[in-house]
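Following: one structure in structure tokens, then a few remarks.
The values are calculated or read from the model by the stated rules, or taken from the named source; none is laboratory data. Computed from a predicted model, the values in this text were never measured in an experiment. FYI the Cβ positions are ideal-geometry reconstructions off the backbone, even for glycines, and counts take in every protein chain you see.
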Amino acid sequence: MPSPGVDALNHALKGHLRGVRVEEVVDEPIGTGQMSESRRLRLTYSSTCDLPSTMIAKFPSDDPKSRATGKATRCYEVEASFYRDLREALDVGAPYCYHVERNEETDEFLLLLEDFAPCSQGDQIAGCTIAEAEACVDELVRLHGPLWNSPFLSTLSWLNRSSNKDRSGSQALMQQVFPGFLARYAERLDPAARAVGEEFVRDSGDYFSRPLPHRTVVHGDFRLDNLLFRTGGQVGVVDFQTVTHACGPQDVSYFIGAGLTTDARRASERQLVARWSEGLRGYGVELESDHVWNEYRRFAFAGFVMAVVASMIVKQTPRGDEMFMAMANRHGVHAADLDSLAVLRGGA
């Protein structure tokens, strides 16, 4: 699917244009495009209107492997559904959506989103500062808090994709792709990360099968490359292709485990986890600190699983390799530091 032209934009934005027309559009690529394509659109209108001069268009990748993965994992369906059904019910700094459409038969989709520029994209490879991490954790509070344990979320079939069969399938996929992951990245994988990964693949305890103690809207890929640092200290959150109905600490552990370098994470993770838990009190959510900490330990594997599986099912790029290695190594050491395997197997 190509970037939308003038005619497509006039059709998609007709509810906002109010008699004005888009007369010219110039686009430029943004992002790495591993699962979808994103373009910044610079728009010229026939006269003054309330719409911005730039917005972001997001549509399917032109890479056959990524498109097939998008269809198999329902990523395109999920992101389009998020903007249709959930965006306005949450406080998280996701972009305003001017238009959403998706063809169920072909899986083609188009999102026209608010452009957060000027901003700086987070760098998953470099990591972030503690101050930036605090701002991101605060954004997770605004994502998780509004619909914590809400019955409404159970009514959204696209959000509830994790049946027992799906969870066992995720475990089987991890076991299937891990040998290829090791073959490709063996020389770049931290020994501690490799050891804990091999043990997890042999016996992941109840990681994939356990009933969850609570549920909310979970981003599922809350990492620095999907976060935009805006003027005034605001954080924009993008790429809702993996959003699901799951356990809030999954996002917290996923972000902290790879968003910070290992030394910074070791020094600050308890403070950051407590910040998230305290923030939820503003939404009337009260959680015991020991429970939160053990859930955080458990989900140290969330980012490791993502790094292993995603690296093997999307198109390979040099920066993608660097990013997946940063995630796999940091999350692997993270799980080793916290003895996360003991939590999965019923230990302390």
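Some notes on this structure:
- Which listed residue is within 17 Å of residue 300 (Cβ to Cβ) and in contact with a Ser or Thr (Cβ under 6 Å, 6 or more places away or on another chain), from 255, 208: 208
- Residue identified as under 25 Å from residue 338 (Cβ atoms), β-branched (Val, Ile, Thr), surrounded by 18 or more Cβ atoms within 10 Å (Cβ to Cβ) and free of Cβ contacts under 8 Å to residues at least 40 places away in the same chain among 201, 196: 201
- Pick from region 1-24, criterion in contact with a helix residue (DSSP H, G or I) (Cβ under 8 Å, 6 or more places away or on another chain) and surrounded by 14 or more Cβ atoms within 10 Å (Cβ to Cβ), ranking: farthest from residue 122 (Cα to Cα): 21
- Count of residues meeting criterion [buried (at least 21 other Cβ atoms within 10 Å of the Cβ) and either assigned by TED's automatic domain parsing to the domain that holds residue 92 or of a type in the set (A, V, I, L, M) (or both)] in region 241-271: 6
- Once region 315-331 is narrowed to residues that are under 15 Å from the mean Cα position of the chain (by Cα) and either aliphatic (A, V, I, L, M) or not assigned by TED's automatic domain parsing to the domain that holds residue 273 (or both), the residue that is nearest to residue 271 (Cα to Cα) is 327.
- Checking every residue in region 135-151 against the condition of being more than 17 Å from the chain's Cα centre (by Cα), surrounded by fewer than 14 Cβ atoms within 10 Å (Cβ to Cβ) and assigned to a helix (DSSP H, G or I) gives at least one match.
- Selected residue [in a helix (DSSP H, G or I), in contact with a Phe, Trp or Tyr (Cβ under 9 Å, 6 or more places away or on another chain), without any contact (Cβ under 8 Å) to a residue 24 or more places away in the chain and not small (Gly, Ala, Ser)] from 281, 270: 270
- Residue in region 25-38 that is surrounded by fewer than 18 Cβ atoms within 10 Å (Cβ to Cβ), under 26 Å from residue 227 (Cα atoms), touching a residue at least 60 places away in the same chain (Cβ under 8 Å) and under 19 Å from the mean Cα position of the chain (by Cα) present: yes
- Condition broken by residue 169, with the remaining ones in (1) outside the structural domain of residue 28 (by TED's automatic domain parsing); (2) among the small types (Gly, Ala, Ser); (3) within 17 Å of the chain's Cα centre (by Cα) satisfied: (3)
- Leading residue by the ranking (farthest from residue 160 (Cα to Cα)) among those in region 191-220 that are in a helix (DSSP H, G or I) and of a type outside the set (A, V, I, L, M): 191
- Matching entry among 80, 94, 135 (being under 19 Å from residue 283 (Cβ atoms) and outside the structural domain of residue 245 (by TED's automatic domain parsing)): 94
- Members of region 252-300 found to be under 20 Å from residue 329 (Cβ atoms) and among the hydroxyl-bearing types (Ser, Thr, Tyr), listed by number: 253, 254, 261, 262, 268, 296
- Taking the conditions (1) of a type in the set (S, T, N, Q); (2) modelled with pLDDT of 95 or more; (3) within 20 Å of the chain's Cα centre (by Cα) in turn, residue 162 satisfies each one other than (2).
- Set side by side, the residues 71, 58 differ, and just one is of a type in the set (D, E, K, R), surrounded by fewer than 20 Cβ atoms within 10 Å (Cβ to Cβ) and not assigned by TED's automatic domain parsing to the domain that holds residue 239, which is 71.
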